[in-house]
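The block underneath contains the structure these notes are about, expressed in structure tokens.
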């Protein structure tokens, strides 16, 4: 194994060990927040990736900006869908359209 791979495995081991220790000691709330952030990042990446398919000229956009746009779409789309009393697939479609709008705004502003 290369040095970088060993270092990565070592960091992953210590992170998992800390999570297990926190869970055993009863700090489930801290672990819950960590899982919530991880789920939000994955949802943001998926939603942002789908939104990138709707917007042209996104080839130079970083994956962090994709996650950011997906999170914006997920949060704002969820709020809008909740205010309009939409649910299920309509909430997903609203979130996807808001994420696409966020990507378009990021690209137009030159941030992404």
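Quick one: is residue 72 modelled with pLDDT of 75 or more and under 11 Å from residue 100 (Cα atoms)? Here the answer is yes, as residue 72 does meet what is asked.
Can you name the residue in the stretch 61-112 that is touching a residue at least 40 places away in the same chain (Cβ under 8 Å) and not in a helix (DSSP H, G or I) and, of all such residues, is nearest to the chain's Cα centre (by Cα)? Per the criteria, the residue is 62.
Taking the criterion of being within 18 Å of residue 64 (Cα to Cα), loosely packed, with under 15 Cβ neighbours inside 10 Å and modelled with pLDDT under 85, the residues of the stretch 79-112 that qualify are 110, 111.
The values are calculated or read from the model by the stated rules, or taken from the named source; none is laboratory data. Computed from a predicted structure; not experimentally measured. Methodologically, a virtual Cβ is constructed for each residue, glycine included, from the backbone with ideal geometry; neighbour enumeration extends over all protein chains shown.
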